[in-house]
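Trainee: If you scroll down you'll find the structure; I have some questions about it.
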Amino acid sequence: MTGAGASGASEPIDPAVLALRKAKALGDLGKLDDALTAAEEGLRHAPDDTALLTLEAWLLLKAERPAEAKPLLVELVAAQPEDALCLFLLSVAHSSLGDLKDARLAADRALELDPQTARYHLQIALLAVEGPISAADRELAIARVASALELEPESPSTLRSAAEIYRSLGDTDAAKGFVARGLAVAPQDQSLLFMRAVLIGDYTPTSATDQGGLPHVANQVTALGELLGMAPDNVQAGQVLFGRVWGQLLRLVDTPLIMIAIVALSVGAAMGSGPSLHNIYWGAGFAVVWPLFRVITTRSVLSKAPRGYLRRMTRGGADARLRLTASVVTVGIGVVGVLCLLWLREASLVRWLLLLLVVGAVVGAAASVLWYRRYFDAAIESGIFAPTELGFRSARIARSSIARSLTWRVVVLVLAGIPAAMISVLTRADAAPVLMLAVAAWVSPLVYALWRTRAIASRLADVDHAPPGVRPSLVGGPVAGVVSLAVAAVAVLAIVQAPWLPSERDAAGTYIQVDSTSDLYDDCTGRYASRLTCIVDKNEERIEEMNDDLDELDIPDFDVPTLPPLPTFTPPPTVGP
């Protein structure tokens, strides 16, 4: 008896079983690299163990490496065609790689084999909301979610998937309800907390001027910061927070250049042959109110970021000091431009104001490019563009988003030629190239960003398991080159045509409005004070001449005839009852 007990106690445990337990535990903790290492260690002892192979495929899918998981799952399904779990995982791999047809076939077969598992119902619902959603897809998704909730009404993972599906259907309120139910059961569940943060940021503006989404974004940043404080390794939360914070930071980067463009346009419209106070006040007001509004709204979001997050994002890189200095100089030039717009009345100094704006546009363009460079460096440091499914998707989204933004800005650059031509013809031509330079400077950082995203996408496309949609198109390269050359040409021509040398306008001092139909003030030239004194003296001389002319007028005298008295009129008596 004793010997048998001792023999049972000393019996070694199968290394494959130990590796399976270890890999499963590490996977549940989110330590996917360590879990995969443990699974591979077990497969060295038992290379045909289906449980270990299935676990390895699950871990690869969880690590967003579906291209590596798919061959394993195809072999497992071929060996075990009745295994619903392997069919389900194969469906997930197919959908992650964009093969929705095969994904639906595998999901339908898994549900047919095991209709009592909620996640198989949810997989069909998730596939139904992929891409354009038809009425039939919507009905199918709702039906599958309902059947899954009947099987597992209190499961946090089931409720989280239901929220994700209803969010895709556009029913945000129902999605929030599912998240609330799940958090009532599992208040620390990371996937539910992340979905709650995502739903907080969902907001559809009711008009072009609707700013109601800003509080939602600020609350989302708060929720994401809380989640990362609890789970710093949550990749999805980190990516969404990164995008929200940098989206607001890059809005601030653009602000000084837009201010300079507004001042240049106002100078051209208001400081022509005479000061137009209407244009001056409108231009200065817009140049102050609009950037101030953007700073206030942006700060309302950035102030919710976790402590130290902004410092870590913005102060990294070898060019941090140069980046900050260039930004401060650009803002300072914009502020000086607004002040000069309000108080500058000396015609000969307007040209120097325009040259100051040229310097501000050039420095601002350099600062913007440096900030966008820091954005991409921080994204790479944070793993945003890692060679995973999430990284591939981030690269595609970044490339398409920047291409859309660049297209919009190029359109604005073309349209800016209209007011530039108007002020060139009607008021003062030397302000037109300054306006075009400021707008070109506003476009330039996105030109850099476009090339940077193409380089990142090309690097990711060289990874073995990269999906085909990551590699940039061949057509995009020439298009990007043409756009880059066009923007550079506009900037160079604007710099060349800037008022570097004094013109007739400065010598004649035509900034003071005079009567162009008269030659009375032709000899009133020079600086502002001397011209004004000359005009006043000329006016006084003209008034004296007019008075002398009135004194010399010979007004004839004549007698007014006497009229005879009018007869007295007596009204007739009134006849009545």
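Trainee: Go through the stretch 113-130 and give me each residue that's outside any helix (DSSP H, G or I) and open to solvent by 50 Å² or more (accessible area, probe 1.4 Å). Talk me through it step by step, then tell me what you get.
Mentor: Here is the first cut: in the stretch 113-130, the residues outside any helix (DSSP H, G or I) are 114-117, 129-130.
The answer is Pro115, Gln116, Glu130.
Trainee: Restricting the first residue to the stretch 66-90 and requiring it to be more than 21 Å from Glu389 (Cβ to Cβ), which pairs with a second residue that is open to solvent by 60 Å² or more (accessible area, probe 1.4 Å) and modelled with pLDDT of 90 or more meet a Cβ separation below 9 Å and a spacing of at least six or different chains?
Mentor: Pro81/Arg109; Ala84/Arg109; Ala84/Glu112
Trainee: Considering the stretch 311-328 alone, what residues qualify as being touching a Gly at 6+ places or on another chain (Cβ under 9 Å) and either loosely packed, with under 13 Cβ neighbours inside 10 Å or among the hydrophobic types (A, V, I, L, M, F, W, C) (or both)?
Mentor: Ala326
Trainee: Identify the residue in the stretch 242-281 that is part of a loop (DSSP other than H, G, I, E, B) and either at pLDDT 90 or above or open to solvent by less than 40 Å² (accessible area, probe 1.4 Å) (or both) and, among all such residues, is farthest from Gly27 (Cα to Cα). Don't jump to the end; show me each part of the working.
Mentor: Of all residues in the stretch 242-281, those part of a loop (DSSP other than H, G, I, E, B) come to 272-274, 276.
Those left that are additionally either at pLDDT 90 or above or open to solvent by less than 40 Å² (accessible area, probe 1.4 Å) (or both): 272, 274, 276.
Numbers: Gly272: 71, Gly274: 75, Ser276: 70 Å.
Of everything passing the filter in the stretch 242-281, Gly274 is farthest from Gly27 (Cα to Cα).
Trainee: Given the criterion touching a Lys or Arg at 6+ places or on another chain (Cβ under 8 Å) and part of a helix (DSSP H, G or I), identify the matching residue among Phe376, Phe392.
Mentor: Phe376
Trainee: Show me the helices (runs of 4 or more DSSP H) entirely contained within the stretch 135-206 in which 1 or more residues are more than 24 Å from Gly225 (Cβ to Cβ). Reasoning before the result, please.
Mentor: On the way: elements: 135-151, 156-168, 172-185, 190-201.
Qualifying helices (runs of 4 or more DSSP H): 135-151, 156-168, 172-185.
Trainee: Yes or no: the stretch 288-310 includes at least one residue that is loosely packed, with under 15 Cβ neighbours inside 10 Å, among the hydroxyl-bearing types (Ser, Thr, Tyr) and closer than 30 Å to Leu426 by Cα.
Mentor: no
Trainee: Among the residues of the stretch 89-119, count how many are of a type outside the set (Gly, Ala, Ser), within 21 Å of Arg160 (Cβ to Cβ) and under 37 Å from the mean Cα position of the chain (by Cα).
Mentor: Residues that pass the stated criteria total 3.
Trainee: Further question on the same structure: Between residues in the stretch 309-335 that are within 15 Å of Leu249 (Cα to Cα) and residues that are among the aliphatic types (A, V, I, L, M) and open to solvent by less than 70 Å² (accessible area, probe 1.4 Å), which pairs lie under 6 Å by C-beta distance while being six or more apart or on different chains?
Mentor: Met313/Ala378; Arg323/Leu370; Ser327/Ala367
Trainee: Arg345 passes all but one of (1) farther than 30 Å from Asn234 by Cα; (2) basic (Lys, Arg); (3) assigned to a helix (DSSP H, G or I); which number fails?
Mentor: (3)
Trainee: Pick from the stretch 143-170 the residues that are closer than 15 Å to Phe194 by Cα and touching a Gly at 6+ places or on another chain (Cβ under 9 Å): which of them is most open to solvent (accessible area, probe 1.4 Å)?
Mentor: Restricting attention to the stretch 143-170, the residues satisfying the condition of being closer than 15 Å to Phe194 by Cα are 156-165, 167.
Next, from what is left, pick out any that are touching a Gly at 6+ places or on another chain (Cβ under 9 Å): 156-160, 162-163.
Details: Pro156: 34, Ser157: 75, Thr158: 4, Leu159: 0, Arg160: 40, Ala162: 0, Ala163: 0 Å².
Only one residue fits best here, namely Ser157.
Trainee: Ok, one more. Can you give me the number of residues within the stretch 431-468 that are out of contact with any helix residue (DSSP H, G or I) (no Cβ under 6 Å at 6 or more places or on another chain), modelled with pLDDT of 85 or more and not aliphatic (A, V, I, L, M)?
Mentor: So the answer is 2.
Trainee: For the stretch 218-241, what are the residues that are at pLDDT 85 or above and among the small types (Gly, Ala, Ser)?
Mentor: Ala218, Ala223, Gly225, Gly229, Ala237, Gly238
The values are calculated or read from the model by the stated rules, or taken from the named source; none is laboratory data. Values in this document were obtained by computation on a predicted structure and should not be read as measured data. Here Cβ is always computed from backbone atoms with ideal geometry, including for glycine, and neighbour counts include all displayed protein chains. In case anyone asks, the SASA skips ligands and DNA or RNA and just uses the protein heavy atoms, side chains included. Shrake-Rupley method; radii C 1.70, N 1.55, O 1.52, S 1.80 Å.
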